[in-house]
Amino acid sequence: MKVYLNICKKTKRLEVRPVRMDDYSRWINGFINQKPKQNRFDEGPFDSFNLTEEWLEKRIEERKQFAAKDMMYKFGVFRSVDSANIGFCVITTHMRDDFQYASVGYSILNQYWGNGYGTELLKALIQIGFDDLDFHRLEAHINTDNHVSKRVALKAGMEFECVRKGFILEDGEWTDNEIYFINDTK
């Protein structure tokens, strides 16, 4: 398994890697320059008041600690042509031992929607999960009405498995999620 800070997956148009302090201006610009909220899955522009360099430094340190404990690996998504921050993604360990199983989460900032970045990002994240973090199975847990995310999962090579009822607590309610998965073939 690679060291978290050394993980970097480059695609034709993207670079998926841990956020660094020298990313700060690009990182914050991505979040504050979003369009207004587009749907219930979109947060829209962030209030940058609390997103200081000190705040980011603490988040980076927390991410390193989570990765060192093999709990979670969070990455920034940067466009290769100009290093713009266009999103983020995460791999969360659920079980090692005889399972080697994790879940993936991904988000493209709304000003970059409609360019195929989500599929490209998820394909890169799957490669990181298998090649760099040695997982055998990756799952995406997707709200039943998040049709865009479901299309991204399918385009990235994941398969629909089932609906898990009352699976994730969101806004005080247990919600159903569709499960998409992919197993490593090595």
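The values are calculated or read from the model by the stated rules, or taken from the named source; none is laboratory data. Predicted model, so just to flag it, every value in this text is computed and none were measured. Because the Cβ atoms are built from the backbone with ideal geometry, glycine has one as well, and the counts that use them run over all protein chains shown.
Assess whether Tyr101 counts as being among the aromatic types (Phe, Trp, Tyr) and touching a His at 6+ places or on another chain (Cβ under 7 Å). Working first, answer last.
Details: among the aromatic types (Phe, Trp, Tyr): yes; touching a His at 6+ places or on another chain (Cβ under 7 Å): yes.
Judged against the criteria, Tyr101 is a match.
Scanning segment 93-120 for residues that are among the hydrophobic types (A, V, I, L, M, F, W, C) and either over 23 Å from Arg63 (Cβ atoms) or not in a loop (DSSP other than H, G, I, E, B) (or both) yields Met95, Phe99, Ala102, Val104, Ile108, Trp113. Only one of the numbered conditions (1) more than 22 Å from Ala153 (Cβ to Cβ); (2) without any contact (Cβ under 8 Å) to a residue 24 or more places away in the chain is violated by Val81, and that is (2).
Scanning segment 61-71 for residues being surrounded by 15 or more Cβ atoms within 10 Å (Cβ to Cβ) and either within 15 Å of Ser25 (Cα to Cα) or hydrophobic (A, V, I, L, M, F, W, C) (or both) gives a total of 2. For segment 31-60, enumerate the residues that are more than 25 Å from Met71 (Cβ to Cβ) and within 15 Å of the chain's Cα centre (by Cα). Once the filter is applied, which keeps residues that are more than 25 Å from Met71 (Cβ to Cβ) and within 15 Å of the chain's Cα centre (by Cα), segment 31-60 yields only Asp42.
Which residues, counting only those in segment 42-98, are among the aromatic types (Phe, Trp, Tyr) and modelled with pLDDT under 95? Let's see the steps before the verdict.
Just the residues of segment 42-98 that are among the aromatic types (Phe, Trp, Tyr), to begin with: 46, 49, 55, 66, 73, 75, 78, 88.
Within segment 42-98, Phe46, Phe49, Trp55 meet the criteria.
Taking residues in segment 16-35 that are in contact (Cβ under 8 Å) with a residue 12 or more places away in the chain and crowded, with 18+ Cβ neighbours inside 10 Å, and partners anywhere that are among the aromatic types (Phe, Trp, Tyr) and in a strand (DSSP E or B), the pairs with Cβ atoms closer than 7 Å and at least 6 places apart or on different chains are Val16/Phe75; Arg17/Phe75; Pro18/Phe75. You will find that of Lys58, Lys123, Lys74, the residue that is surrounded by 14 or more Cβ atoms within 10 Å (Cβ to Cβ) and part of a helix (DSSP H, G or I) is Lys123 and no other.
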